[in-house]
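Accompanying notes for the structure given below.
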Amino acid sequence: MPEDLEYPVANAATIHEALSRMVSADFEPEIHERALSALQSMSSIRRSGAVRPVRREDSRGAILKRLEDSIATLDAQQSHAVIETAEDVQRIRGLAGSGKTVVLALKAAYLHAQHPDWRIAVTFNTRSLRDQFRRFINNFTIDQTGDEPDWSMVDIIQAWGASGGGNREGLYHRFCVENGATYYDFGSGKGMYGAQDALGGVCELALGEAESSKPLYDAILVDEAQDLPPAFLRMCYEMLGEKKRLVYAYDELQTLNGAGLPPAEEIFGSTSAGRPRVDFGGAEGGRRDIILEKCYRNSRPVLVTAHALGFGIYKDPSPPATTGIVQIFEQKDLWTDVGYRVREGTLGDGQHVRLERDAESSPRFLEEHSSPGDLLTFRVFDTVNEQNEWIANEIEQNLNQDELVANDIIVINPNPLTTRNNLGPVRRALMERSIQSHLAGVDVGADIFFRQDERSVTFTGIYRAKGNEAAMIYVANAHENFSTKQNQARTRNRLFTAITRSKGWVRVTGVGPEMQDLLDEYKKIEASGFTLDFVYPTEDERKTMQILHREVPPEVEKRLRGHGSSLERLVEDLESGSFYPQDLDPATLARLEALLRHE
């Protein structure tokens, strides 16, 4: 290493010596952060790749550029998750925006650099994550080794898959082919198990047919595991050799189902001796069960609002319920695990508690650039046309005045059944303004979310939105099903997921009384100073929630709506005196009375 240079130059062989000489030097914090970011290959992680012609320092584009240019470094938990590789199953838990995808990509690149002879698979449920993983792993590997990855040893592969090779390949399909198990496509799986349980059902069948699975990989990394069935994770486990290097990352709150994934003992089963095949307790537990509590995507107001709406923290109770909350954690310590702090009260059954996120778990630079009212806006419209025109006008302003680019914007329709019809009029309104758009997964390939080849605003349903992010998020038609009694948890989960796609600003829009109900809830969140202030449901209340807000299949939901209207007419007739209870069939009346008394 040259001695006469003001700035030392070192290579891999001399870097330790160079750093040792600098230990006593007084570094400016920024220099230290930049050096750490470079060493961790994180220097460009926040950048979107978009060219930003910023002319005004106060524009949204300028704000976003400053956020993207800010120095990105791994925190201690993330570094731990990247470097620590146990010779057994490892799980990484954290909120949306806590860096799980980045950590998995870095971990894949790190393992590939350390063990170039290993076969490594990175898998996921949302197919649009493929390009993101490929870009991250490619960049990280080049930073660490100077060369691109050997893609013959690293598979970025979807969960299900089909014949045809290339991007059509999936882990389930490969397992079936290699082990002689019967393969079922999605249509067949849906017919046998329903859309929600299709992948889990066919994976169970494949595992049953494959008596002794072939080891196909040395390590498998699974992203967004909360969207994948336990049987799929067990299949990944069986695809590994003697060393079960399975890493699965998931969001404790993304599905908001009260428990997240089942315990590892339930997912992976027990040995013939009755011991769990996977256990995250004991001395090794800390390095194999990592929780990421910091959120680097969503600002504190955005994240707390998403959680408050997702759980129904400020929802008014609907009889017979004694609380408006629609779902809650059974394990209360999960709140502190994911970065909430108890500001007042106690995390206990029937106890008042007020939870907040501090600067440690929600960095303040994510919110200091804009006022809370600009970070997050809820708008109620009288008609759908008025909503659509407003969204089109706002997007036009974003592009022409705010100095954002097309890939900074995502328009999300939370109800997947109405996405195409609902978003079509907004897209037509943009076309009239000479602004191009595309519907993810329809106008472009299934693996494409943002269009890199031309300026086009992304429109999407909620499922394809998962795993993606943008500066400006429009959640359109948020009113749909918001106040209905059936599937409240599912409806709120979708709203939660849509809002948390934002790394800057959120606009939530809808129409009529249901949207007004949503706005009223938001006003309570805002008035609380973006905290979660509530009485923790008791065990009995939590059981009632599971019944009242359980997942109801579409055919049952339709029947319930019919029963509801019939019962409403019956009650009105009884109240008006059109007929009397005694006019009803005595046996039917007795059964109804018994059910209402819970006998």
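So here's what we get for this one:
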| quantity | calculated |
| --- | --- |
| Förster-model FRET efficiency, 45 Å R0, Asp358 and Arg168, C-beta, rounded to 0.05 | 0.45 |
| Residue pairs, from the table Lys107/Lys244; Lys503/Lys523; Lys65/Lys100; Lys190/Lys543; Lys100/Lys332, whose Cα atoms sit over 20 Å apart | Lys503/Lys523; Lys65/Lys100; Lys190/Lys543; Lys100/Lys332 |
| Label-point separation, Arg591 to Trp118 (7 Å along Cα→Cβ), nm | 6.1 nm |
| For the range 287-326: rounded, prolate or oblate by the Cα gyration tensor [a/c cutoff 1.5] | oblate |
| Cα gyration tensor shape for the range 76-292, rounded if a/c is under 1.5, else prolate or oblate | rounded |
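Laboratory data are not the source of any read-out in this text; all were calculated from the coordinates shown. Bear in mind that the values here come from a model prediction, so they are computed numbers and not experimental data. Cβ sites come from the backbone with ideal geometry, for glycine too, and all protein chains shown count toward neighbours.
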